[in-house]
Amino acid sequence: MKQPKIRVSDHAKLRYLERVKGVDIAGLTLELEQKVQRAHSLGASGVVVDGVEFIMTRDTLVTVQKRKIRQQKSAQREHFDEWGRE
């Protein structure tokens, strides 16, 4: 008889990273808050910092994803007019 696959919760993964691998979760939280705070205070639902997209809903940072090179270049062009001025 095949054993059922065990599911590993996000909480278990987080605690493993913190308690076994030594990741400073409090420091990580502070770093993430600092990266998105200004955008959040301006009412943004997302922001790109150093090629990383941070997605927020209300008062919560819900996900993070690396931007693809093509997306980054497209986003950069949106900030300039046809003569290359901001």
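Here segment 32-56 is the region considered, the condition is being of a type outside the set (Gly, Ala, Ser) and touching an Asp or Glu at 6+ places or on another chain (Cβ under 8 Å), and the residue that is farthest from LYS68 (Cα to Cα) is HIS40. Restricted to helices (runs of 4 or more DSSP H) entirely inside segment 8-86, those with at least 1 residues that are at pLDDT 95 or above, acidic (Asp, Glu) and surrounded by 11 or more Cβ atoms within 10 Å (Cβ to Cβ) are 10-19, 25-41.
The values are calculated or read from the model by the stated rules, or taken from the named source; none is laboratory data. Computed from a predicted structure; not experimentally measured. For neighbour counting, all protein chains shown are included, and Cβ atoms are generated from backbone atoms with ideal geometry for every residue, glycine included.
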